[in-house]
Each structure stands twice: as C-alpha cells, then as structure tokens.
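Peer 1: Sharing a structure here in structure tokens format.
A short reminder: the numbers here are calculations on the coordinates, not readings from a lab. A quick note: this is a predicted structure, and the numbers were derived from the prediction, not measured. With ideal geometry, Cβ positions are generated from the backbone for all residues, glycine too; neighbour counts draw on all protein chains shown.
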Ligand code: FCA
C-alpha cells in the first residue's frame, strides 16, 4: 500500500517536473507563447507595435498574446495572466516605470523572461534596471532632431527668435520623455531661444487631450506672444498643443509643432488639405520595437539566446512633403 502510494507520488512529481520543464523550455516554435503588454493600447504607436509583433509571430509560428495595461495593477495582473496561460516570455511598455522591481519579481514568480520596450524600468531611486533587456529610442538625439527642425522653421519663416514662445509639453516622471524635451530645448537655446520664453505644460497623461489642457493654460497666461513652437514626448503631445493654439485663434503659419512617432496620428494631420501648426514628426520605428523585440524574445525562449541589454533606435524627420518617402525608407509601408 505504502509502496504504491510512494510510486504514485513519484510518478505525479515526475509528470509535474516534466510539465514545468516543458513550460520553461519549449523545443518547438508552436509551443512558444509570448506576451506583449502596452500601456496605451488605443495609441496608434502601440497599435503599430502590436501589428509588427503579430507579423513576427505569424512568420515563426508562435503565439502572441496582446494585453493592454493602463495602470500598475493591470500590468501586474497581465503578468500573472500570462503565467497562467503558460507563456514563457513577456515584452512590456509599462504604464509606470517605477513599478520596475515589482514587475521583475512578478515575471520571475511566473517563470517569464522579461524584456521592456519604449519605457525603461527604474528602481525606487530612479536608476534604470539595466539587467532587464530593453529597446528604446535614442531620446536625447531624437529630441535634438525635433529642436533642429523647429529652429530651421523659425529661420525659414523669418521670425525673430526673441518673439517666439515654446510650449514644452512635459511628462517628466518618465525619463525618456524628459530626455526628449531636454534634447529639443538644448538645440533651441544654442540657437538663441530665450529661456524665459520656454513654458512648461505638464500633462497628467500622455495623450492629446491632457496635452491640449496643459498647453491651453500656457497660452492663456501669455496672450502677448503671437508665434509659438511646441514639442513633447510624442505626436499626441504636440497635436494637443497645436489644437490649443487653434482654439485661441492662432493660424498654422504662426505655429511650429514637431512631434515624435510618425504613426497615424501624425500621418492624418499631414493628409489634411492645408498645413496646420503640426509641421513635422520624427518618425521612429514601430517595426523595430514590435517585430524585432518579439523575435528577440522568441530566440531567448526557444534558443536560450538572450537579447542585447540595451538597444537604442533612431528616427528621421518627416513633414507633409516627405513622409511617404521617409516611411518607405523605414520599411513602414
Ligand atoms: C513612449 C511614448 C510613446 C512612444 C514610445 C516610443 O512610450 O509614450 O508614445 O513615443 O515611447
């Protein structure tokens, strides 16, 4: 009797061990399950990331599970959910980078390999978690490209730089957001832009509506300034600021907004019959951030080949006249 019990127990344990081993170490692409969690699923950038991640999954024959997680609680439960579904890896753009150590612990508890995209995790002191593989944009450089595009337009329009105001749509709790706007500001200042003419418009969320609200406050406080430039974390931030300038009666010719992204939000603006204050966007690559990260995770799960610890991608300025060619160049057709 006892012997039987022991034998059964041993058998059960070996079955359990085998299934755990199998979950952690699949041998076949069709057994691979990867989660792709994003903080703002309705934003075109994230839709595009998912689209390219799906292409990778189709090509290689693994399962991709897409989850939107707009707050910290949802992000943590997305990880549990993926664990329960037997996924082996997850790529996340977290709604809150300070969740860093919590997310790492949760992924570990669920035996999930973890990689971040766009927004790098930080610890409680704000230091990046460099052990977690990350793909982000070269934020400062891309911000500088935004600043340069703005400076070039100020010159092309023959404006006196001293008369121009700048709306800095900000979300400083997110390091990549801060680096982007600071990059833009450094180029403005190098070109004679007055520091006192740069106005902070802190947004409560990284969407167009929050930016419109923040920018409206700045415009209402400075009715004497008639020429404006605007920059921020992404296209949505700049579009919000441009909409705010329109609401106070400024024309497109009085405003130079340059965004970052190049997804539908920007493209739809470029397609309008006449130019608005949204002059350009530095197009970044949802293909690299969606397709490449997912493929990296696939190789990590299947071949135990971990991704690079840090990959920073570049961007290219596009305007209504050049966006078709720039998108083609980046393989974004
Ligand atoms: C952040 C922003 C997104 C996008 C991405 C690359 O996550 O919120 O809009 O710019 O970086």
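Peer 1: Taking region 247-274 on its own, how many of its residues are assigned to a loop (DSSP other than H, G, I, E, B) and surrounded by fewer than 16 Cβ atoms within 10 Å (Cβ to Cβ)?
Peer 2: 7
Peer 1: If I filter region 150-172 for residues that are under 30 Å from residue 89 (Cα atoms) and within 14 Å of the ligand (Cβ to nearest atom), do I get at least one hit?
Peer 2: Looking through region 150-172, at least one residue is under 30 Å from residue 89 (Cα atoms) and within 14 Å of the ligand (Cβ to nearest atom).
Peer 1: Which of the residues spanning region 116-132 are farther than 13 Å from residue 175 by Cα and either within 14 Å of the ligand (Cβ to nearest atom) or buried (at least 22 other Cβ atoms within 10 Å of the Cβ) (or both)?
Peer 2: 116, 117
Peer 1: Next up: Would you check if residue 290 is surrounded by 24 or more Cβ atoms within 10 Å (Cβ to Cβ), under 15 Å from the mean Cα position of the chain (by Cα) and in a helix (DSSP H, G or I)?
Peer 2: yes
Peer 1: Among the residues of region 261-291, which ones are within 12 Å of the ligand (Cβ to nearest atom) and within 21 Å of residue 227 (Cα to Cα)?
Peer 2: 281, the sole residue that qualifies.
Peer 1: Still on this structure: Consider residue 228 against the criteria (1) in contact (Cβ under 8 Å) with a residue 40 or more places away in the chain; (2) buried (at least 24 other Cβ atoms within 10 Å of the Cβ); (3) within 16 Å of the ligand (Cβ to nearest atom): it satisfies all of them except one. Which criterion is unmet?
Peer 2: Here residue 228 meets the rest and fails (3).
Peer 1: Can I ask one more? Select from region 153-201 the residues that are under 28 Å from the mean Cα position of the chain (by Cα) and part of a strand (DSSP E or B) and list them in ascending order.
Peer 2: Of everything in region 153-201, those that are under 28 Å from the mean Cα position of the chain (by Cα) and part of a strand (DSSP E or B) turn out to be 165, 166, 167, 168, 169, 170, 198, 199, 200, 201.
Peer 1: List, please: which pairs have Cβ atoms under 6 Å, are six or more places apart or on different chains, and start with a residue in region 308-333 that is on the phi > 0 side of the Ramachandran plot and end with one that is outside any strand (DSSP E or B)?
Peer 2: 331/287
Peer 1: Name the residue, out of 244, 214, that is within 16 Å of the ligand (Cβ to nearest atom), under 24 Å from residue 45 (Cα atoms) and either under 27 Å from the mean Cα position of the chain (by Cα) or surrounded by fewer than 24 Cβ atoms within 10 Å (Cβ to Cβ) (or both).
Peer 2: 214
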